[in-house]
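Working notes for the structure below.
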Amino acid sequence: MSSSYFEIIELATGELILKRKDEDQEPLIKVVFSDEAKAFLGDYASEVGRAMIGTGIQLAGKLYDQDVHHDDENQILH
């Protein structure tokens, strides 16, 4: 994935999407809560959805960094 800016947007339907800023492409991530989950989360549904997306992005970055670092360690120089 290219390095660019992302934004989380809450749609009128209550869905949360992650997309590249200033682009009108299909969302990279979409979070949709069931009616039961919405009832349980109440006013916190948006906050929980944003946290889910943010935490996922942070974890993906850490895993990518670990993978790159691991690949560097496995290189053999002669």
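Compute the Cα gyration tensor for the range 6-72, then decide on rounded, prolate or oblate, letting a ≥ b ≥ c be the square roots of its eigenvalues: rounded whenever a/c is under 1.5, prolate when a/b is larger than b/c in the other cases, and oblate in all that remain. It comes out oblate by the Cα gyration axes. Other residues within the sphere of radius under 13 Å centred on the Cβ of Pro27, judged by their own Cβ, net out at -2 (K and R +1, D and E -1). A straight chain from Tyr44 to Gln66 at 0.36 nm per residue would run longer than the Cα-Cα distance by 4.7 nm. Annotation: lysines with alpha-carbon distance below 23 angstrom to Lys21 (same-chain offsets under eight excluded): Lys30, Lys62. Stretching the chain fully between Glu10 and Val32 yields a gain of 6.9 nm (0.36 nm per residue, less the alpha carbon separation). Seen from Ala45, the other residues with C-beta closer than 12 Å to its C-beta sum to a net charge of -4, counting Lys and Arg as +1 and Asp and Glu as -1.
Count Lys and Arg as plus one, Asp and Glu as minus one, and take only other residues whose Cβ is under 9 Å from that of Phe6; the net charge is then +2.
No lab work stands behind these numbers, since they all come straight from the coordinates. Computed from a predicted structure; not experimentally measured. Note: ideal-geometry Cβ built from the backbone for every residue, glycine included; neighbour counts use all protein chains shown.
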